[in-house]
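Working notes, structure below.
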Amino acid sequence: MAEETQSKASLYGLCFLVGGIYGVIGQVLGTMLEPVVGAQFAAPCTLLCLGVLAVLLYVPGVHQRIAAVSGFGSILPFNGFACGIADAFKSGYANGGGVAGGMRSVGRLFFHVIILSSVVNMLAGALAANVALPKVTVPPAIPMPVAIVVGFVVAGLVCIAFQAVTDAGHFQVPNVLLVGQSLGGVLALFGITDVLATLGGYSFKILVMGAGQAVMATTTLACQGSALMLLVTWGTFIALAAFGIVAALLNLKLGGEGR
């Protein structure tokens with residue numbers, strides 16, 4: 001019992017630490033990208049940079065080792081989604097399906113997590129465009145460098161919350177991600193994820209809930225006549241899935257199964 005308690009404490013500690021570190025990476029990237037691409041495109045570009053990071057960590061097996069001890073600290077940031085796509089591809093590939101089997105497995109995961117949750121988020125966005133709902137007050141943005149510290153804490157705590165819920169209910173990870181991304185958009189209807197995004201900045205926006213908020217917000221814009229950012233958001237999801245497939249193929253080529 002003592003060893004189990006110690007093991008769980010280690011998991012939650014590393015979940016918070018790793019999630020927070022990825023959050024800091026997202027915060028720094030987003031802040032650096034804003035003057036270059038503009039505030040509107042900084043979040044999608046940050047996610048694409050995390051897709052590159054996913055490839056760099058997954059191919060030599062670094063991500064797999066970190067994820068084994070940090071749980072949702074490695075899963076909830078969107079570089080973790082790219083790595084999840086890589087895992088799905090390798091699973092389909094290894095089960096005798098080859099590349100076609102890998103792509104089918106990726107398609108199932110993408111549909112389950114991204115498409116189903118986006119249906120919910122887009123409905124929420126359409127509702128927000130037509131109905132005024134009461135919202136909590138959003139605090140002012142936190143200036144740098146304090147934003148890095150706050151972002152670290154917000155990302156770490158959100159990752160721990162997802163880990164705790166998953167452990168308590170023994171839920172499957174794809175189902176948790178589906179619900180998490182759906183909640184990101186639904187809670188935005190009442191301003192709750194807007195508060196988390198303001199406090200956490202890009203540290204929150206790179207998480208699954210932040211992606212749900214993005215789909216909801218860009219759908220609202222689309223309903224108001226500006227569909228560009230919704231297309232950019234979907235393009236980002238597809239690009240991250242492509243990064244995951246590339247990571248899996250390179251890992252397989254290098255024989256990195258047990259790395």
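Since every read-out is calculated from the coordinates, none of them should be taken as a lab result. Source: prediction; values computed, not measured. Every residue, glycine among them, receives a Cβ derived from its backbone with ideal geometry; neighbour counts consider all protein chains shown.
Round to the nearest 10 and give me the degree value, 0 to 90, for the angle of helix 98-110's Cα axis relative to the longest principal axis of the chain. Rounded to the nearest ten degrees, it is 30.
The residue list Ala222, Thr31, Leu250 was ranked by how far each Cα lies along the charge dipole of the chain toward its positive end, using unit charges on Cβ atoms, and Leu250 comes out on top. Remark: spin-label model distance Arg65-Ala242 equals 3.1 nm, labels positioned 7 Å along the Cα→Cβ axis. Counting neighbouring Cβ atoms within 10 Å and putting the fewest first, the residues Val158, Val55 line up as Val55, Val158.
With the highest mean first, a sort of the peptides 115-122, 201-208, 134-141, 28-35 on other beta-carbon atoms found within 10 angstrom per residue produces 201-208, 115-122, 28-35, 134-141.
Scattering from the C-alpha atoms of the chain alone, worked out with Debye: what is log10 I(q)/I(0) at q = 0.11, 0.14, 0.15 1/Å? The Debye formula, applied to the Cα set alone, gives -0.57, -0.93, -1.07.
If packing is taken as the average count of other Cβ atoms within 10 Å, what order do 167-174, 15-22 fall into, highest mean first?
15-22, 167-174
Using only helices, what value at 222 nm comes out for the chain when you add -39,500 (n - 2.57) per DSSP H run of length 4 or more and divide by the total residues, to the nearest 500 deg cm²/dmol?
Working: 13 runs with 207 residues, N = 259.
Calculated at 222 nm, the ellipticity per residue is -26500 deg cm²/dmol.
Counted residue by residue at 0.36 nm each, then reduced by the alpha carbon distance between them, the extension gain from Asn130 to Val232 reaches 34.5 nm. Dimensions of segment 105-173 based on its C-alpha atoms, expressed as ranges along the principal axes with the largest first, amount to 42, 37, 24 Å.
For the pair Arg108 and Asn175, label points projected 7 Å from Cα toward Cβ lie 1.5 nm apart.
The lysines within cross-link reach of Lys253, meaning a Cα-to-Cα straight distance under 18 Å and a gap of 8 or more places when in the same chain, are Lys90. Remark: relative contact order (the chain) = 31 percent; criterion is Cα-Cα distance under 8 angstrom and separation of 6 or more residues. If R0 equals 41 Å, the separation of the Cβ atoms of Ser91 and Phe190 corresponds to a calculated FRET efficiency of about 0.65. Whole-Hz Karplus values for segment 79-87 come out as 5, x, 5, 4, 5, x, 4, 4, 4 Hz, taken residue by residue from phi with 6.51 cos²θ - 1.76 cosθ + 1.60 and θ = phi - 60°; glycine and proline positions read x.
If the segment from Gln224 to Leu123 were pulled out straight at 0.36 nm per residue, it would be longer than the present Cα-Cα gap by 35.0 nm. Would you mind checking segment 144-183 for residues with the amide N under 19 Å from a putative spin-label position 7 Å along Cα→C-beta of Ala9? Within reach of a label on Ala9, which here means backbone N under 19 Å from a point 7 Å along Cα→Cβ, segment 144-183 contributes 160-161, 164.
Cross-link partners for Lys205 among the lysines, with Cα-Cα distance under 18 Å and sequence neighbours closer than 8 places in the same chain left out, do not exist in this structure. Dipole check for the chain: with +1 at the C-beta of Lys and Arg, -1 at the C-beta of Asp and Glu, and the Cα centre as origin, the magnitude is about 360 Debye.
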